[in-house]
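Below you'll find the structure I mean.
Derivation of every value follows stated rules applied to the coordinates shown; laboratory data play no part. Given the structure is predicted, the values throughout are model-derived calculations rather than measurements. Here the Cβ is made from the backbone with ideal geometry for all residues, glycine too, and neighbour counts use every protein chain on show.
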Amino acid sequence: KRLIVIGPPGSGKGTQSPIIKDEYCLCHLATGDMLRAAVAAKTPLGIKAKETMDKGELVSDDLVVGIIDDAIKRPSCQKGFILDGFPRTVVQAEKLDEMLAKQGSKIDKVLNFAIDDAILEERITGRWIHQPSGRTYHSKFAPPKVSGFDDVTGEPLIQRKDDTAGVLKSRLEAFHQQTEPVIDYYAKKGAVVNLHAEKPPKEVTVELQKALS
Ligand code: AP5
Ligand code: ZN
């Protein structure tokens with residue numbers, strides 16, 4: 001399966017993708033996670049991307065297209081993948097379709113995490129992350145057993161630098177202006193399934209499983 005999860009910041013893409021990935025043995029390719037790893041490692045790519053990400057704007061199409069082009073060629077991703085956070089512009093979508101056409105494949109489904117903007121601030125500002133594993137918690141909706149620490153390793157949790165109410169406004173603006181057209185682009189190809197992303201996590205998982213069965 002070659003899947004895209006798409007939706008605004010905090011809609012649950014990073015929460016649901018690991019579940020689906022394990023169930024269908026897919027790779028989870030999240031451009032945001034890859035970029036944050038590059039920023040932390042201070043690679044040339046990370047140095048270029050940092051300021052843009054901190055402002056909540058999109059980094060250049062060429063940067064992310066390059067990352068994804070490499071990633072989908074990995075032997076471990078040949079069974080299929082979930083793209084999370086990519087494509088985020090119509091240009092990225094067109095480039096992706098070209099890359100896949102060269103391999104004789106295409107996107108099977110685009111899972112649209114549809115949700116009202118009003119719910120997102122609380123989700124974003126309450127998010128806590130265990131960086132080494134990518135496990136995500138929420139102070140109210142999915143609290144860790146011990147506040148501030150990972151359930152599995154006991155290591156400290158962190159908050160993302162762009163998870164403030166102010167930066168969220170820019171991220172939402174980028175979503176509505178640049179990413180929503182990507183949903184229309186794939187809807188015209190008949191590939192989009194709409195999910196009720198405002199529901200509790202377990203119910204969203206069930207909707208996803210139905211969409212993929
Ligand atoms: P990215 O990392 O992709 O961030 P995003 O799209 O803003 O999405 P989030 O990770 O914030 O949301 P999510 O849907 O994964 O939410 P989660 O499941 O964690 O991108 C970051 C930046 O990188 C961009 O701004 C840009 O600069 C750059 N970038 C990345 N890709 C790019 C690209 N292709 N092109 C250009 N630039 C790019 O959930 C959030 C919280 O809610 C958690 O605490 C969770 O526990 C909780 N939660 C989840 N589901 C539920 C539920 N059903 N009910 C209650 N709470 C829930
Ligand atoms: Zn995410």
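Restricting attention to segment 36-127, which trypsin sites (Lys or Arg not before Pro) occupy a DSSP loop and are surrounded by at most 14 other Cβ atoms within 10 Å?
Answer by residue number: Lys42, Lys73, Lys79, Lys106.
Also, quick follow-up: Could you list the trypsin sites (Lys or Arg not before Pro) in segment 145-187 that lie in coil according to DSSP, counting only those with at most 10 other Cβ atoms within 10 Å of their Cβ? Let's see the in-between values first.
Values: sites: Lys145, Arg160, Lys161, Lys169, Arg171; in loops: Lys145, Arg160, Lys161.
Qualifying residues, ordered by number: Lys145.
Residue by residue through segment 194-211, what is 3J(HN,Hα) from phi via Karplus (6.51 cos²θ - 1.76 cosθ + 1.60, θ = phi - 60°)? Round to whole Hz and write x for glycine and proline.
So the J values, rounded to whole Hz, are 8, 10, 8, 6, 7, 6, x, x, 5, 6, 5, 4, 4, 4, 5, 4, 5, 5.
Ok, one more. Below 8 Å between Cα atoms, with a sequence gap of 6+, how large is the relative contact order for the chain in percent?
Here the relative contact order equals 30 percent.
Follow-up question, since we're still on this one. In a shell of Cβ-Cβ distance under 14 Å around Ile183, excluding Ile183 itself, what net charge do Lys and Arg (+1) and Asp and Glu (-1) give?
Once positives and negatives cancel, what remains is +3.
Further, regarding this structure: Whole-Hz ³J(HN,Hα) for each residue in segment 66-72, computed from phi via Karplus 6.51 cos²θ - 1.76 cosθ + 1.60 with θ = phi - 60°, x for glycine and proline: what do you get?
Listing the rounded values in order: x, 4, 6, 4, 5, 5, 6 Hz.
Over all alpha-carbon pairs of the chain, lay out the pair-distance distribution in 10 Å bins, whole %, shortest bin first.
Histogramming the chain at 10 Å steps yields 8, 34, 40, 16, 1 percent.
Suppose only helical runs count, i.e. DSSP H with n ≥ 4. What mean residue ellipticity at 222 nm does that imply for the chain under -39500 (n - 2.57) per run, divided by all residues and rounded to the nearest 500 deg cm²/dmol?
Taken over the chain, the calculation gives -13500 deg cm²/dmol.
Roughly what % antiparallel, to the nearest 5, for the DSSP beta bridges in the chain?
Percent antiparallel among DSSP bridges in the chain is about 30.
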